[in-house]
1. With respect to N89, determine if the residue is out of contact with any Pro (no Cβ under 6 Å at 6 or more places or on another chain), touching a residue at least 24 places away in the same chain (Cβ under 8 Å) and surrounded by 10 or more Cβ atoms within 10 Å (Cβ to Cβ).
2. All but one of (1) touching a Leu at 6+ places or on another chain (Cβ under 9 Å); (2) surrounded by 12 or more Cβ atoms within 10 Å (Cβ to Cβ); (3) outside the structural domain of M100 (by TED's automatic domain parsing); (4) among the hydrophobic types (A, V, I, L, M, F, W, C) hold for I12; which doesn't?
3. Report, ordered by the first and then the second residue, all pairs with beta carbons closer than 7 Å, sequence separation of six or more or different chains, a first member in the stretch 44-57 that is under 18 Å from F83 (Cα atoms), and a second member that is among the small types (G, A, S) and outside any loop (DSSP other than H, G, I, E, B).
4. Going by the conditions given, is F30 of a type in the set (F, W, Y), assigned to a helix (DSSP H, G or I) and under 22 Å from I101 (Cα atoms)?
5. Search the stretch 34-47 for residues being surrounded by 10 or more Cβ atoms within 10 Å (Cβ to Cβ) and out of contact with any helix residue (DSSP H, G or I) (no Cβ under 9 Å at 6 or more places or on another chain), and hand back the single one that is nearest to I97 (Cα to Cα).
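The values are calculated or read from the model by the stated rules, or taken from the named source; none is laboratory data. Note that the coordinates shown come from a computational prediction; the quantities given were computed from them, not determined experimentally. Every residue, glycine among them, receives a Cβ derived from its backbone with ideal geometry; neighbour counts consider all protein chains shown.
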Amino acid sequence: MKQFYEDFKAFILRGNVLDLAVAVIIGAAFKAVIDSLVNDVITPLIGAVVGKPNFNDLVVNLRGCSGPATARICKGTVHYGNFLTQVTNFLIIGASIFVMIKAFERLQAIRRREEETGEVPVAVDEITLLTEIRDLLRKQEAQ
């Protein structure tokens with residue numbers, strides 16, 4: 001039993017297992033953010049443009065329907081709208097993740113450049129830039 005405990009302890013404390021645990025937790029939190037983006041922001045925008053926030057109600061009845069409109073019974077119903085909604089959500093989620101990963105990679109590249117050169121990029125605001133341009137133009141006029 002002691003050997004099992006020692007092996008289990010070594011397994012848990014390995015870097016890969018801890019990294020994986022952190023990745024799963026962050027992935028779950030990231031999923032919540034992306035789901036909110038899709039459900040609360042992008043899907044309503046699609047609904048405003050197309051007229052429906054999702055396509056779940058789109059169906060094809062292959063063998064016809066019978067009964068009154070309130071209690072209609074249909075045979076061979078294909079719910080292709082659910083599929084379209086899921087494909088749309090997949091594309092939105094994929095695009096969102098792509099944009100976030102690209103932004104993260106750009107930040108990492110900037111950080112690497114700072115570490116390699118030792119320089120920190122300076123943000124120049126418009127007023128400073130316009131002031132420098134004005135001063136250069138005055139200097140050119142004076143010559």
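1. Values: out of contact with any Pro (no Cβ under 6 Å at 6 or more places or on another chain): yes; touching a residue at least 24 places away in the same chain (Cβ under 8 Å): yes; surrounded by 10 or more Cβ atoms within 10 Å (Cβ to Cβ): yes.
Yes.
2. Failing condition for I12: (2).
3. P53/G47; F55/G81; N56/G81; D57/G81
4. Details: of a type in the set (F, W, Y): yes; assigned to a helix (DSSP H, G or I): yes; under 22 Å from I101 (Cα atoms): yes.
Yes; evaluated as a whole, the condition is true for this residue.
5. Just the residues of the stretch 34-47 that are surrounded by 10 or more Cβ atoms within 10 Å (Cβ to Cβ), to begin with: 34-39, 41-47.
So of that shortlist, the ones also out of contact with any helix residue (DSSP H, G or I) (no Cβ under 9 Å at 6 or more places or on another chain) come out as 36, 41, 44-45, 47.
Details: S36: 13, V41: 15, P44: 19, L45: 19, G47: 22 Å.
Checking each candidate, the answer is S36.
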